[in-house]
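One structure is given below, encoded as C-alpha cells.
The values are calculated or read from the model by the stated rules, or taken from the named source; none is laboratory data. All figures in this text were calculated on a predicted structure; none of them were measured in a lab. Methodologically, a virtual Cβ is constructed for each residue, glycine included, from the backbone with ideal geometry; neighbour enumeration extends over all protein chains shown. Note: accessible area is taken over every heavy atom of the protein model, side chains too, but ligands, DNA and RNA are not part of it. Shrake-Rupley method; radii C 1.70, N 1.55, O 1.52, S 1.80 Å.
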Amino acid sequence: MPTSLRNVLPTLFALLLGYGLMQMGNTLQGTLLSVRGGIEGFSPTAIGAVGAAFWAGIVFGSLWAGTVIARVGHTRTFAALAAVAASTALLHLLVVHPIVWIAARALTGFCFAGLFMVVESWLNGSATGQTRGQILSLYGMTGLIAGIGGQLLLPTGNPAGFRLFCIVSMIISLALVPIALSRATAPLHASGEAKINLPKLYVQSPFGIVAAFLCGVTSASFFSLGPLFAHEAGLDTTGIAIFMACGTLGGFAMTWPLGWVSDRMDRRFVIIAAAGTAAAILLALLTFVPESPEAWVLYLCVAIFGGSVIPTYSIVTAHVNDMVEPGEFVAASGGLLIVLGAGSSAGPVLSGMAMSVFGPRGLAYATIVAQVIMAAWGVYRIRQRAAPQDNQKEAFVPEPTIPVGTELVPNT
C-alpha cells in the first residue's frame, strides 16, 4: 500500500465506517419494505413505486442537498439528515399505507443523497491525485460489503413486526457516531458547479446514456422487487436475506474482474457480455427451473445475475469518461447520475406492473427486456464508432452502490 494512502487511512476510517453503517441500514430497509409491503397486501406496482421513490429522492438530493452543506457545514448537515432518515424509518411502521411509504421513501432518498455527499466530499478533500482512485475504490467496495451485511440482518426479526424497523433506525443513528467523532477535516474550499448538458453527453456517448438508464431500470427493479420475487418463490425470511445477499455478493466478486477486463479491451464488449449473461440466466431460470425450485438453485442464479448487472454501471461510467474531455468528467458523472436516477425511478414501477400482470415472473420478463435492449444497442453502436485508443482510456474505478453527484452543485 502506498505510504501516502497508508497515512491517510486512519483518518478516513471513521468516514468509511459511517458510510458502511448508513448503507447497511438502507439496504436492510429496502428489503424489509418490499417484504412487509407484500405481507400488508400492497400490489407489486405499489411496492415498485415505493422503491422508485427512493431513487427519485436520491436525484433531487444530489442536486439540492449541497445548498444545505454550504449553509451549515458538513457535520451539522450529516447529523440533521441522519436524524431525519432514522425517524423516517419508523414512520413506515406507524402509518402502513402505500402513499405514506412512497413519500417517506422519497424523503429517505433525499436524506441519503445528502449523507453520501458529505462523506464523498470529505473523502475527495482528503485524497490526492495519487490516492483518489484507491480511496474511491475503497468507498465503492465498502458499500457493497455493507449491502451484503444489511441483507443478512433480515432474519434477525419478523418482517411483520416492529423489531426490524427499530434496527434500521438504530443503525442509521449509529452512523452518526464515527462521523461526529472523526478527526478528519471537512473540505474548506467550494467546488464549482458542473455544467450538465445531456444532449451533448448523448452525442459524446450514445451508448453510455442508454446503458446508464437501463442500468437504473435493472438494478432498482432487483433491489426493490427482488425480495418480493423471492417471497413468492417460497423462500422464508432467512432465504430471502440469503437470496438478496447472494446477488450483492456476486456483484462484489465480479466488480474488479470485469473492471480489469474492461481496461484492456473495448468496454462495450464487456457490457454486452454482462447484459447477455444476465438475460440468459433469467431465461434459463424461467425455462428450466420448476415452479418450486430448490433454494440453492435460486441462490446460484441470483449470484450470477448480480455478478452481471451490479458492476455494469461502473463500467458504463468508465466508458463515458473515455469519450469525454478530461475537464468534463464531473459534468459527465452528473449527467449519468440523472439518467441513472430516471431509470431507477421508472424501473421498479414498470417491473411492478409486469409482476401485477404476469406474477413473480414479470420481474424476470422486464429485466430480460432491459438487458436485451442494452446488448442490442451496444452491438449497434460498436458498428457505428470505434473504441478509444488505450492511451485515451481512464482507469476503472468501482462506483458505490448508490452513486451521488458530490460536485453537481456549488459549495459542496
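For P(r) over Cα pairs in 10 Å bins from 0, in percent, one of (1) 4, 18, 25, 22, 16, 10, 4, 1, 0; (2) 4, 22, 31, 27, 13, 2, 0; (3) 5, 24, 35, 26, 10, 1 was computed from the structure I shared and the rest are decoys. Which label? Given (1) 4, 18, 25, 22, 16, 10, 4, 1, 0; (2) 4, 22, 31, 27, 13, 2, 0; (3) 5, 24, 35, 26, 10, 1, the calculated one carries the label (3).
Please give the residues of the range 232-246, grouped as numeric ranges, whose backbone N is less than 16 Å from a label point set 7 Å along the Cα-to-Cβ vector of residue 158. Taking a point 7 Å out along Cα→Cβ of residue 158, the residues of the range 232-246 whose backbone N falls under 16 Å are 236-238.
Using a 10 Å cut-off on Cβ atoms, rank the peptides 208-214, 65-71, 25-31, 363-369 from the highest mean neighbour count down. The partial results should precede the final answer.
Working: 208-214: 26.1, 65-71: 19.6, 25-31: 27.7, 363-369: 22.1.
Top to bottom by mean Cβ count within 10 Å: 25-31, 208-214, 363-369, 65-71.
Ignoring GluC sites (Glu not before Pro) that are buried or in helix or strand per DSSP, and keeping those with at most 11 other beta carbon atoms within 10 Å, what is the longest stretch of the chain between them?
So the longest stretch without any such site is 1-290.
Ranked by solvent-accessible area (1.4 Å probe, protein heavy atoms only, all chains present), the residues 361, 267 order from largest to smallest as 361, 267.
Rank 166, 301 by accessible area, highest first, at a 1.4 Å probe radius?
Numbers: 166 45, 301 20 Å².
So the residues, ranked largest to smallest area, are 166, 301.
When the helix-only estimate is applied to the chain (DSSP H runs of n ≥ 4, each -39,500 (n - 2.57), divided by the residue count), what is the mean residue ellipticity at 222 nm, nearest 500 deg cm²/dmol?
On the way: 15 runs with 317 residues, N = 412.
Calculated mean residue ellipticity at 222 nm is -26500 deg cm²/dmol.
Each label was represented as a point 7 Å from its Cα along the Cα-to-Cβ direction; for residue 280 and residue 292 these points are 3.2 nm apart.
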